[in-house]
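The values are calculated or read from the model by the stated rules, or taken from the named source; none is laboratory data. It should be emphasised that the depicted structure is a prediction, and the values quoted were computed from it without experimental measurement. Glycine gets a Cβ as well: all are built from the backbone with ideal geometry, and neighbour counts include every protein chain shown. These accessible areas exclude ligands, DNA and RNA; they are computed on the full protein's heavy atoms, side chains included. Shrake-Rupley method; radii C 1.70, N 1.55, O 1.52, S 1.80 Å.
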Amino acid sequence: MTPGERVLTALRRQEPDRVPMEFSLCPSQMERFRKETGANSPSEHFGFGIRGIGIGSTKLKTDFSKYTADFPEGARVDEWGIGWIKTPTSYHFEHIQHPLQKATTVKEIMEYPFPDIDADYRYEGLSERVQRIKESGFAVSASAMAVGGSVFWPPYKLRSMEQLLVDFMINPDIANAMLDAVTSRMSVLAERLAAASVDILRLADDLGTQLAPIISLDTFRKFIKPRLAKIIQSAKRVKPDILVFFHSDGHIQEFIPDLIEIGVDVLNPVQPECMDPVEIKKKYGNHLAFWGTIGTQTTLPFGTKEEVRQTVKERIETVGKGGGLLIAPTHLVEPEVPWENIMAMVEAVEDFGYYN
């Protein structure tokens, strides 16, 4: 099998020749990777079967000064008008500044200068780039996301998490206006990515804490689910066999049947500190493939090399049984993970990941 065929076979819940793997490294781990391997790309060095692709940058020069006057000096403002501030102790994380936090009317939301996701120039050459990647033997993934999410995250970053949750309860008109503004743009993006023939459409919205969902199932069904469904339908109308990947950290088990209902094919990252991957496989493995399952809060940073190997072996034998697993850490590999544990994970997949 080519690397791409291996990935797509697994994500279609069939058995490839062996279990595919993928991971991303934080900046300090990238420095370590370069030092240890002499290479520049983990994807190429370790033979990952997926290559990501995105649309072009905006050419708009939007004046967000009306919304950013209270931002701290030095904040980086993105195309959504959201401010980002790095601190010396936060590694690659940034503090978020919310341009619509003080909005009090739907009119203010409607007048906000949202980015031009629908602009044709942002998709120039996209189909050709997708085709070249496929011809090289890789699966192609692309994200219908903005600032890390598809429906829930962009509004909370525009509005603040606290204010958006308040809006759900007492300002539903403002919440709906925010969510609709984002969803309409993500639906266009999903449709255009599907038209370019990407294999995997990535959606994301972190909906869970370590112990329970952030919002109730009723709130999810009222505000989030129908909009995620619209984005998925926009893609699958154009390319029915596109694989829809959905990411949410934390405990989201209550939402899984609804995600299956609206067309999610792949669940990521199945965080083992919050949900039991083996139980999730038993309950939902006839409908979902799983991408992740190796804990970045427990096993990778704090396990021994042998514990990492054993965990990978167990995941392959359980969650990977019959196909349906792309093994990966449940998050970006952070600075505290020993290099030896990264290599133990890679070597365990190579040692135990073959289907007979």
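Summary of values
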{"item": "Those residues of segment 96-110 which are within 29 Å of the chain's Cα centre (by Cα) and free of Cβ contacts under 8 Å to residues at least 60 places away in the same chain, in sequence order", "result": "Q97, P99, K102"}
{"item": "Failed item, numbered, when A69 is tested on (1) among the hydrophobic types (A, V, I, L, M, F, W, C); (2) over 24 Å from G149 (Cα atoms); (3) surrounded by 12 or more Cβ atoms within 10 Å (Cβ to Cβ)", "result": "(3)"}
{"item": "Residue in segment 55-67 that is over 24 Å from the mean Cα position of the chain (by Cα) and acidic (D, E) present", "result": "yes"}
{"item": "Residues of segment 148-161 that turn out to be within 17 Å of R227 (Cα to Cα) and either open to solvent by less than 10 Å² (accessible area, probe 1.4 Å) or among the aliphatic types (A, V, I, L, M) (or both), as a count", "result": "6"}
{"item": "Options F152, F220, F168: the member that is closer than 30 Å to R129 by Cβ, modelled with pLDDT of 95 or more and not small (G, A, S)", "result": "F152"}
{"item": "Flag if S127 is closer than 30 Å to P3 by Cα, polar (S, T, N, Q) and surrounded by fewer than 23 Cβ atoms within 10 Å (Cβ to Cβ)", "result": "yes"}
{"item": "Residue match in segment 32-42 (condition: within 30 Å of G285 (Cβ to Cβ) and either polar (S, T, N, Q) or in contact (Cβ under 8 Å) with a residue 60 or more places away in the chain (or both))", "result": "no"}
{"item": "Odd one out for V319 among (1) open to solvent by 10 Å² or more (accessible area, probe 1.4 Å); (2) touching a helix residue (DSSP H, G or I) at 6+ places or on another chain (Cβ under 6 Å); (3) within 19 Å of P20 (Cβ to Cβ)", "result": "(1)"}
{"item": "Residue match in segment 336-353 (condition: closer than 25 Å to A212 by Cβ, open to solvent by less than 20 Å² (accessible area, probe 1.4 Å) and not in a loop (DSSP other than H, G, I, E, B))", "result": "no"}
{"item": "Residue count, segment 242-281 (criterion: of a type in the set (D, E, K, R) and in contact with a strand residue (DSSP E or B) (Cβ under 8 Å, 6 or more places away or on another chain))", "result": "4"}
{"item": "Matching entry among G56, G52 (being surrounded by fewer than 17 Cβ atoms within 10 Å (Cβ to Cβ), touching a residue at least 60 places away in the same chain (Cβ under 8 Å), in contact with a strand residue (DSSP E or B) (Cβ under 7 Å, 6 or more places away or on another chain) and not β-branched (V, I, T))", "result": "G52"}
